[in-house]
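Peer 1: Pasting a structure here, questions to come.
Read-outs: derived from the displayed coordinates by stated rules, not from any lab. Computed from a predicted structure; not experimentally measured. All Cβ positions, glycine included, derive from the backbone under ideal geometry; neighbour counts span all protein chains shown.
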Amino acid sequence: MRIGTGLEFAHTGVTSTTFKGGDDLLSQRQQFDYAVGDMGINLYFMSAMTYLLFFYTDVYGLSAEIAAGVFLVARIVDAITDPIMGFIADRTRTRWGKFRPYVLFGPVPLAVIAVATFTVPDFDEVGQIIWAYVTYTLFGVIYTVVTIPYAALSAVISNDYQERSGFTSVRMMFALAGGTIVSVGMLPLVDVFGGEAIGFQWTMIVFGVMATLLLWLTFRGTEEGAFQDVTTSKVSFRDSVRVVVANVPLWITIALFCLGMLAFTFRFSTAPFYFKYSMGREDLIPLYMLVTLAVMFPGLLAVPWLSRTYGKAGAVRVGALIAMVGAVGFYYTPVSDVWLVFVWGSVLAIGGSPIMVLGWAMLADTVEHGEVQTGIRAEGVVFSTASFFQKLAKAIAGSGIAAMLAWFGFVANQEQSQETVAGLLFMIAVCPLLFNALLFLVSLAHRLDGRRHAEIVRDLSERAIVSQGDHSN
C-alpha cells in the first residue's frame, strides 16, 4: 500500500517529499515490469559469479594467484564506485525521474563490456593479464551505473512494509530465472557456439542482448510514483553522509547482506571446482546449478508468509538455520553419494532464500528511517552504500576463493591432491556454515519491524500536513 496525503513534506530545505497514490497497490503488470530487470541483471551477475573464475583458470589460462588479483582489484574499484553512483543518482533530475534514465541508457555499454570480459584477446601473456584487469574492472563500474539506480527504484515505487516484501519476492523469482538460465544454459551454449574461448564470447553476446531488452522493459513499465522530490535543491555530499552514518538499521541490514553474499558466493562459485575435481563429475555441474536454483523458487514463495509471521529479521533467522543444517549435511556426505550431495546442496540453497529477498526490502525500509531522523530522503545513497559493502564482501569472497585454491595447492586441469580436495569441501560447506551462523546472530539486533516502520510513515505524513499548513499561511 502506498500511503499518501498528496501533501508536501519539507524539513530543512534539503529535500521535500510528496506522498502519492492513496491506497493503490502495485498491479501485477507493474510488479512484472520491475522484476524482469533483475532477470537481465542476473544474466551478468551469475555469469561472473559462477563461471568467470572458472573461465580465467581453465580457458583464459590465468593462474589462480593472478585471477585472485584480478578479482580483488576489480571488485574493490567496483565497490568504491557505488557510493559515487548513489550520490549522482540522488542528484539526477530528468523528465524520466532520478533512476530510470540509467536503466534506459546503461544496458548497451554494459552488454559490450560483458562480452569483452569473456573474450580471450590475441595478446602476449602480459597483454592478456592487462586485458583481464581492465575489462573486468570496467564491467564492474558500468554494472554499478545500471544496478544501483535499478535497486533504488524499489524505494520509490512503493512505501508499504509488506508490499515491498511481496514485489521483492517477485523480483527475486525473475532473478533466479536469470540465474537458472546461466547455470543450466551457459556451458551447453558454450559448446553450441564452438567451445572454449569463442563459445564463451558468443554466449555472452546472447546474454547481453537478452539483458538489454529486459532492462528496457523495466524502464518502460515503471514510474517513480510513490514519492516525488518537489524542491529544487539537491542532496549534498554532507547530507548524504548524514543519512548513512546515523542509520543503525541500515548498518545492521548491510551486515546481513554481506554475510548472505559471502555464504552464497562460497557455495556457488566453489561448486564447479568441487564437481569437476572432487567428485569427478563435471557433467553434473549444469544439473546441480539448475536444481539448487530451482528449489529456491518455493522458498521465495514462502518468504512473504515468513515475513508476515515472524517479521523480516525473524524470517532471515529461519533461513539461516535451514542453511546451517544443509551445510552440516553436505560436509558429512561422501563425494560418491551424488543423490545426497544434491539433497544437502538444495537445503543449503533454500536457506539462502529469505536474505536474498528480504535484504532488499529491509534496505528500502531504512530509507524512511533515515528520512525521519535527518529530514533527508536519499534512496540512491542508501542503496549504493549497501551495494558498496555487498560488493566488498563479494570481492573478499571471490579473491578469497581464488587465494584459497592456491593455498590448497590447486592446479587447473590436473588431478588434485587430498589437501586440495579437503580444501574444496571446506570452502563449499564449512564457510557457508560459519557465515550463516553469523547471519543468525546479527539478525537478532534488527529492530525495524512492521509496526515501527508504520509509525515512521505516519510520522512523515503528519509532518507533511504541518508543512503544508505552514506553506499555506
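Peer 1: Using θ = phi - 60° and the Karplus curve 6.51 cos²θ - 1.76 cosθ + 1.60, what whole-Hz ³J(HN,Hα) does each residue of segment 112-129 get, with Gly and Pro shown as x?
Peer 2: With coefficients 6.51, -1.76 and 1.60, one gets 4, 6, 5, 4, 4, 5, 9, 10, 9, x, 8, 10, 6, 4, 5, x, 5, 5 Hz.
Peer 1: Same structure again: Per residue of segment 451-459, what does 6.51 cos²θ - 1.76 cosθ + 1.60 with θ = phi - 60° give for ³J(HN,Hα)? Whole Hz please, x for Gly and Pro, Karplus curve as stated.
Peer 2: 5, 5, 5, 4, 4, 5, 5, 5, 4
Peer 1: Once phi is turned into ³J(HN,Hα) by the Karplus curve 6.51 cos²θ - 1.76 cosθ + 1.60 with θ = phi - 60°, what whole-Hz value does each residue of segment 298-312 show in order, with x for glycine and proline?
Peer 2: Calculated HN-Hα couplings, in order: x, x, 5, 5, 7, 4, x, 5, 4, 5, 5, 7, 10, x, 5 Hz.
Peer 1: What is the distance, in nm, between label points placed 7 Å from the Cα along the Cα-to-Cβ direction at LEU321 and at ASP459?
Peer 2: About 3.1 nm, to one decimal.
Peer 1: Return a whole-number percent for the relative contact order of the chain, with Cα pairs under 8 Å and 6 or more residues apart as the contact set.
Peer 2: Numbers: 827 pairs, mean separation 135.2, N = 473.
In percent, rounded to a whole number, it is 29.
Peer 1: So the label point goes 7 Å from the Cα of VAL126 along Cα→C-beta, right? Which residues of segment 42-62 then have their backbone N under 16 Å from it?
Peer 2: What the label zone holds, given the 16 Å backbone N cut-off, is no residue at all.
Peer 1: Quick one: go through segment 412-430 and flag any residue whose amide nitrogen is under 20 Å from the point 7 Å out along the Cα-to-Cβ line of ASP58.
Peer 2: 412-429
Peer 1: Let me ask another. Taking R0 as 45 Å, what's the FRET efficiency between GLU415 and VAL134 from their Cβ-Cβ distance, rounded to 0.05? All intermediate terms of the calculation are to be shown ahead of the outcome.
Peer 2: Details: r = 34 Å, r/R0 = 0.76.
According to the calculation, E is roughly 0.85.
Peer 1: Treating the angle as unsigned and between 0 and 90°, give the value, to the nearest 10°, between the Cα long axis of helix 379-407 and the longest Cα principal axis of the chain.
Peer 2: So the helix axis and the longest Cα principal axis differ by about 10 degrees.
Peer 1: Quick query: amide H of ILE157 versus all other amide H atoms, modeled in the peptide plane; which residues come in under 5 Å with a sequence gap of 5 or more or a different chain?
Peer 2: Hits under the 5 Å cutoff: ALA226.
Peer 1: Let me ask something else about it. Under the classification rounded if a/c is under 1.5, otherwise prolate if a/b is larger than b/c and oblate if not, where does segment 69-138 fall, given a ≥ b ≥ c as square roots of the Cα gyration tensor eigenvalues?
Peer 2: In terms of gyration-tensor shape, oblate.
Peer 1: Now for a separate question. For segment 391-435, what does the alpha-carbon gyration tensor say about shape, rounded, prolate or oblate, given a ≥ b ≥ c as the root eigenvalues, a/c under 1.5 as rounded, and a/b over b/c as prolate? Please report the intermediate quantities before stating the final value.
Peer 2: Numbers: a/c = 3.13, a/b = 1.52, b/c = 2.06.
Oblate, because a/c is 1.5 or more while a/b does not exceed b/c.
Peer 1: Okay, moving on. At a temperature of 25 °C and a viscosity of 0.890 mPa s, determine how fast segment 8-472 diffuses translationally according to Stokes-Einstein, using the Kirkwood radius over alpha-carbon pairs as Rh; express D in µm²/s, rounded to the nearest whole number. Walk me through the numbers before you get to the answer.
Peer 2: Values: Rh = 22.5 Å.
In µm²/s, the coefficient rounds to 109.
Peer 1: Can you give the FRET efficiency for ARG220 and ILE80, using 1/(1 + (r/R0)^6), R0 = 30 Å, r = Cβ-Cβ distance, to the nearest 0.05? Walk me through the intermediate numbers first.
Peer 2: Details: r = 32 Å, r/R0 = 1.05.
It comes out at approximately 0.40.
Peer 1: Label ASP283 and ARG452 with points 7 Å out from Cα along Cα→Cβ: what is the distance between them in nm?
Peer 2: The two pseudo-label positions are separated by 5.4 nm.
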